[in-house]
Amino acid sequence: MSMIQWTTTEAPEIQIGDRLLASRYFLSPLAGYTQHAFRVAIRELGGVGLCTTDLVLASHLLSGSRKSKALLTTSPADRPLTIQIFGGVTAELVAAARWLEQHGYAAVDLNMGCPMAKINGNGGGARIMCSPDAACQMVAEVVDAVSIPVTVKMRLGWDRDSITAPLLAREFEQAGVAAITVHGRTRNQGFGGTVDLEGIRQTVEAVQQIPVIGNGDVCTVEDAFHMRQQTGCEAVSIGRGAMLDPWIFRKISQAVSGEEPVSEPTREEQIQFLERHFSLMFAQHELYGCRLIRKFVAWFGARLGIPEDLEDRLRRLESDEEFQEIVDQIRLRHGERESSVPTALIKTPNGPVERW
């Protein structure tokens, strides 16, 4: 596929609230994946304008649970950062936003887009979009409670018969939200089907000034530019595409600045990324980091040129010593992989989306 050049007179930077971000291409929050280790490892490759944490349940944040503390872990290398919170109780979301501001976090994002049943069961995620009046009241109260930027991530609606994103975007802007990210699918779609770029465009057209950030099905540089061209969104948030190709942000940055050809990572860069990600994971979680790294390998094992049998060993990893042994083998056998399809894409979640 030929490279689509993004020609524009706009600045590469984007203003969201009181923050000036160096790039318009962001790492999306992905439940179970966008932890501190992955965020830092991918930032070090270059081109990331903003990262957002994995979803943090407001009540767990307020109680100081072990899981919430792990999700809130950050470092000077992990900037700029937004904390994404969710929950069905407005008072808890308000208190959580205040806590984040008091503890020095720079921005808060409210999740109204997660399709997972356990998130919606708490009254959070996409469930909130089913009650527009309550959603607007919730957002307004959080915005009024803090001085840091408050953003919202949502889906187009619950299903095709209730596309509420444009209406909510207009109301959220009036409430003082600094930006809105819209995933171009309904909750009932989960991650199936294709992203609805027209739905994102309608959301863009519904607001007057604040940035709308497009999200969904962006796996290549061309996809990112196509998203912006077709929807008019001012920025693009990339989730699964960054899992499939951690260098996507660097490539976009090169394309935006007119570099040709956009560079692919070398063999050694691919192996070093795996090592760096694991070392950051192990530094935070110790042996538990061996378990956490397993699911990542299913996503980017193909991109890193890891032979199938060595990927399988990584997906059963038990120790840091074993990790080093496998990496030594990868260096010897890099590129022997037979399939270019990531293991994570071979099987879809079992059962209907309601059971996720």
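The values are calculated or read from the model by the stated rules, or taken from the named source; none is laboratory data. Model, not experiment: these values are computed from the prediction. Cβ sites come from the backbone with ideal geometry, for glycine too, and all protein chains shown count toward neighbours. We work out accessible area using only protein heavy atoms, side chains counted, and drop any ligands, DNA or RNA first. Shrake-Rupley method; radii C 1.70, N 1.55, O 1.52, S 1.80 Å.
How many residues, within the range 308-337, are in a loop (DSSP other than H, G, I, E, B) and under 29 Å from the mean Cα position of the chain (by Cα)?
Final tally of qualifying residues: 8.
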Please go through the range 238-289 and pick out each residue that is open to solvent by 50 Å² or more (accessible area, probe 1.4 Å), of a type in the set (S, T, N, Q), farther than 27 Å from Val212 by Cα and touching a residue at least 60 places away in the same chain (Cβ under 8 Å).
Gln284
Residue by residue through the range 269-288, note down the ones that are within 19 Å of Glu325 (Cβ to Cβ) and either assigned to a helix (DSSP H, G or I) or in contact with a His (Cβ under 8 Å, 6 or more places away or on another chain) (or both).
Gln270, Ile271, Gln272, Phe273, Leu274, Glu275, Arg276, His277, Phe278, Ser279, Met281, Phe282
A careful count of residues in the range 89-110 that are open to solvent by less than 10 Å² (accessible area, probe 1.4 Å) and touching a Leu at 6+ places or on another chain (Cβ under 6 Å) gives 2
Restricting attention to the range 290-328, which residues are open to solvent by 40 Å² or more (accessible area, probe 1.4 Å) and touching a Pro at 6+ places or on another chain (Cβ under 8 Å)?
Arg303
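Here's the yes/no breakdown for (1) open to solvent by 20 Å² or more (accessible area, probe 1.4 Å); (2) among the aromatic types (Phe, Trp, Tyr):
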{"residue": "Ile14", "(1), (2)": "no, no"}
{"residue": "Arg24", "(1), (2)": "yes, no"}
{"residue": "Leu30", "(1), (2)": "yes, no"}
{"residue": "Phe38", "(1), (2)": "no, yes"}
{"residue": "Val56", "(1), (2)": "no, no"}
In the range 259-273, which residues are modelled with pLDDT of 95 or more and either out of contact with any helix residue (DSSP H, G or I) (no Cβ under 7 Å at 6 or more places or on another chain) or not hydrophobic (A, V, I, L, M, F, W, C) (or both)?
Pro265, Thr266, Arg267, Glu268, Glu269, Gln270, Gln272
Filtering helices (runs of 4 or more DSSP H) wholly in the range 37-107 for at least 1 residues that are within 23 Å of Val236 (Cβ to Cβ) gives none
Looking at Ala37, is it modelled with pLDDT under 95 and among the aliphatic types (A, V, I, L, M)?
no
Matching option when the condition is β-branched (Val, Ile, Thr), touching a strand residue (DSSP E or B) at 6+ places or on another chain (Cβ under 7 Å) and at pLDDT below 85, among Ile148, Ile128
Ile128
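State yes or no: is Ala298 part of a helix (DSSP H, G or I), without any contact (Cβ under 8 Å) to a residue 60 or more places away in the chain and of a type in the set (Gly, Ala, Ser)?
Judged against the criteria, Ala298 is a match.
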Given the conditions (1) within 18 Å of Arg39 (Cα to Cα); (2) part of a loop (DSSP other than H, G, I, E, B); (3) of a type outside the set (S, T, N, Q), report the number of the one that Gly305 does not fulfil.
(1)
